[in-house]
Structure formats: C-alpha cells, structure tokens
Amino acid sequence: MNGEERRKKILNILSSAKSPVAGVKLAKDLDVSRQVIVQDIALLRANGTAIFSTNRGYLIQESKEFSRVLKVVHSDDEVEEELSTIVDAGGHVRDVFVYHKVYGVLRADMNIKSRRDIKNYLEEISSGKSSLLKNVTSGYHYHTILADSEDILDAIQDELQQKGFLAKLQDYEPVDFWGQEEKS
C-alpha cells in the first residue's frame, strides 16, 4: 500500500472511531512504524484535515453545521436589528435571496458572522447607489442561516418571530429552494 492509500485508511479509521485511536494501534493495523503514522498525520493536517492529538490518541473533530432557510420581512431601518438578532444568538447569515414571481430566485452571498460584518455590510449599502435586495419584493426575503446546532436555529427563529420579522410562505412560493425544507 502506498502513502496516499494509507492516509485514506487513516482517515477512514479516525472518521468511524467513536473515541481517540492510538498511534501505536494505527501503526500495527497498517503494518508501518509509529513514525510513519506521525508523518502521515502531519501531511493530513497540512492538507486541512482537523486531526487532534490527545493523550489517548488521534481523533477527527467533525464540525457539524446546521442550516435553515427563514423567510423574513421588515423595513430598511430594521436590517441591523434583524441581522444582529441572528448573529447575537450564534447564527451566521450565509446569504439573502428573494423569490420573484417573474425572475425566480435572486440570491446574494452575505457571510455575516459578527456585528463588525453587519457594520461593514450596512456601510457598503449606504455608500453606494444600490438598494437592499428585499426591496424588489416589498421587503420579503429569505436568509440561509447556519449554526452549530438545531437548538441555536430554533432560538434564532423564535427571536425573529417575537420581533415580528418572520413571514408566512405563500402558496406560489416553492418550499425547497436549495434542497432543504424551510421550517418557518
């Protein structure tokens, strides 16, 4: 087995393991020295795999990210409050999009994770001649929200509902915009 095949096996072993896997065990299972495993782990890390060393062995930290599409409506003056509600609760605003009856889905990346991102976004909008995408559909728009758990997404949705920002889907709107169900 060559080095690339061995590193794939290491990834498979670590990905399926429920607890850390000792380097000695990896070396024995793959019939190589412990030093070869150390070098393979270094190469895997250099290629972007999040492998952590513990006192009991190696493990891959899976970063699970949950997403939900929410339909919202608000005035231009409430953009900062809407976005702050999302990021303050632990959310990340991936994008904004509208569903136009004639043009279909019009989408723009936002990548807003912090109040600083919100400030920069609002400065960009106010310094140009462009207006908010939501204004082509009378304020109605959607955000794909990312978070570390469904509980965080539930909390964001509840808070947006309490503030009156969530909007009801209409019969003509598709529910599955990007291959996922909307939950509002």
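Could you list ILE41, ILE10 in order of exposure, starting from the residue whose Cβ has the fewest other Cβ atoms within 10 Å?
Going from sparsest to densest Cβ surroundings: ILE41, ILE10.
Over 29 Å between Cα atoms, which of LYS8/LYS64; LYS101/LYS163; LYS64/LYS101; LYS25/LYS113; LYS18/LYS71; LYS28/LYS64 qualify?
LYS64/LYS101; LYS25/LYS113; LYS18/LYS71; LYS28/LYS64
Need one number: nm distance between label points at ASP154 and THR54, each 7 Å from Cα along Cα→Cβ, rounded to one decimal.
Here the modelled spin labels are 2.7 nm apart.
With only alpha-carbon atoms in the gyration tensor, what are the semi-axes of the equivalent ellipsoid for the chain, in Å, largest first?
45, 17, 16
For a footprinting-style exposure proxy, rank MET1, MET110 by other Cβ within 10 Å, fewest first.
Taking fewest neighbouring Cβ atoms as first place, the list is MET1, MET110.
Based on a Kirkwood Rh over C-alpha pairs, give the Stokes-Einstein translational diffusion coefficient of the range 3-60 at 20 °C and viscosity 1.002 mPa s in µm²/s.
Here the translational diffusion coefficient equals 194 µm²/s.
Jot down the radius of gyration and Dmax of the range 66-162, Cα atoms only, both in angstrom.
Answer for the range 66-162, Rg first and Dmax second: 12.9, 38 Å.
Please arrange ASP117, ASP76, ASP171 by how many other C-beta atoms lie within 10 Å of their C-beta, fewest to most.
Neighbour counts put them in this order, fewest first: ASP171, ASP76, ASP117.
Counting Lys and Arg as +1 and Asp and Glu as -1, each charge on the Cβ, what is the dipole of the chain about the Cα centre in debye, to the nearest 20?
1060
How many angstrom lie between the Cα centre of the range 37-81 and the Cα centre of the range 124-159?
Taking the Cα centre of the range 124-159 as reference, the centre of the range 37-81 is 22 Å away.
Using helices alone, what [θ] at 222 nm do you get for the chain, with -39,500 (n - 2.57) per DSSP H run of 4 or more residues, divided over all residues and rounded to the nearest 500?
Calculated at 222 nm, the ellipticity per residue is -12000 deg cm²/dmol.
FYI, it's all coordinate maths here, none of it is from the lab. From a predicted model like this one, the values you see are computed outputs, not experimental measurements. So basically every Cβ, Gly included, is an ideal-geometry build from the backbone, and we count neighbours across all protein chains shown.
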